[in-house]
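Note sheet for the following structure.
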Amino acid sequence: MLIKRISCKVKEGHQDLFYDCQKQWGPLSQVKGFMGQVGGWSDHKQSTACIYAFWESQQDYQYFMDEIHNQIFAASGQGNTYTSIEIDFFQEELRITGLENQFADVIRNAQYIYSVIQQAEKHSWNAGLQKAKGMLGGTFASSQKDRDTFLVWSAWQSEKQQRRTLPQGGALEWADEKFSVIEAWRVCPSIIDRD
């Protein structure tokens, strides 16, 4: 699975416009290989939108970029709403199962997202996360840009459950991102493969 992480610093006074533009990405649901997308406003970076999109393969994503992306982007008008955009790609190495067995259900039911990007010589993640109360599921992935950078992405039933399980603090070398999922920004695939 390919994971696309998008972080947009939204222009001052343009949050409502960006919000409306982000709702225009619904056509993603019809694209072959699209597995889902969630987004929201960063808990600790003012006026920063966080978006994660999931694709079955690099080929499916590339087809989307070559044939469909620019039409949706132009129609949304979103390009005029932010001052900077940061995009990172990760390749899944391990699926983290939680309360939901299917990744489509994780995307559909996630209310709060907690992700950590860690630089390490070897990859590691907390296996106890799978048993955490309220953790729906997630993924452990390696950066396509830097082989020593890893993403641990987890979806939760609520912010309260995430904070109870993973309180503030911890390893300082980690860059974390937390946000409540905005329902209007959630895009689920229209055809779900249950295999």
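Summary table below
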read-out	value
Residues of the stretch 14-61 classified as over 23 Å from Thr139 (Cα atoms) and of a type in the set (Asp, Glu), total	2
Sole residue being touching a Phe, Trp or Tyr at 6+ places or on another chain (Cβ under 6 Å), under 24 Å from Phe89 (Cβ atoms), at pLDDT 95 or above and among the aliphatic types (A, V, I, L, M), chosen from Val187, Val152	Val187
Enumeration of residues in the stretch 77-114 that are of a type outside the set (D, E, K, R), assigned to a helix (DSSP H, G or I) and closer than 19 Å to Phe34 by Cα	Phe103, Ala104, Val106, Ile107, Asn109
Subset of the stretch 16-41 (residues that are touching a strand residue (DSSP E or B) at 6+ places or on another chain (Cβ under 8 Å) and either modelled with pLDDT under 95 or assigned to a helix (DSSP H, G or I) (or both))	Phe18, Gln22, Trp25, Gly26, Leu28, Ser29
Where Gln144 falls short, out of the listed (1) surrounded by 12 or more Cβ atoms within 10 Å (Cβ to Cβ); (2) farther than 18 Å from Val38 by Cβ; (3) modelled with pLDDT under 90	(3)
Among (1) at pLDDT below 95; (2) among the hydrophobic types (A, V, I, L, M, F, W, C); (3) in contact with a Cys (Cβ under 9 Å, 6 or more places away or on another chain) - the single one Ile85 does not satisfy	(1)
Pairs with Cβ under 7 Å, 6+ apart, first in the stretch 1-22 and among the acidic types (Asp, Glu), second surrounded by 17 or more Cβ atoms within 10 Å (Cβ to Cβ)	Glu12/Ser47
Matching residues, the stretch 39-73, being of a type in the set (Val, Ile, Thr) and in contact with a helix residue (DSSP H, G or I) (Cβ under 6 Å, 6 or more places away or on another chain)	Ile72
Output for the stretch 42-52, where each listed residue is part of a strand (DSSP E or B) and either in contact (Cβ under 8 Å) with a residue 60 or more places away in the chain or surrounded by fewer than 21 Cβ atoms within 10 Å (Cβ to Cβ) (or both)	Ser42, Thr48, Cys50, Ile51, Tyr52
Conditions (1) in a helix (DSSP H, G or I); (2) in contact with a Phe, Trp or Tyr (Cβ under 7 Å, 6 or more places away or on another chain): number failed by His69	(2)
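The values are calculated or read from the model by the stated rules, or taken from the named source; none is laboratory data. Quick caveat, the model's predicted, so the values are computed rather than measured. Neighbour counts are summed over all protein chains in view; Cβ atoms, including those assigned to glycine, are modelled from backbone coordinates with ideal geometry.
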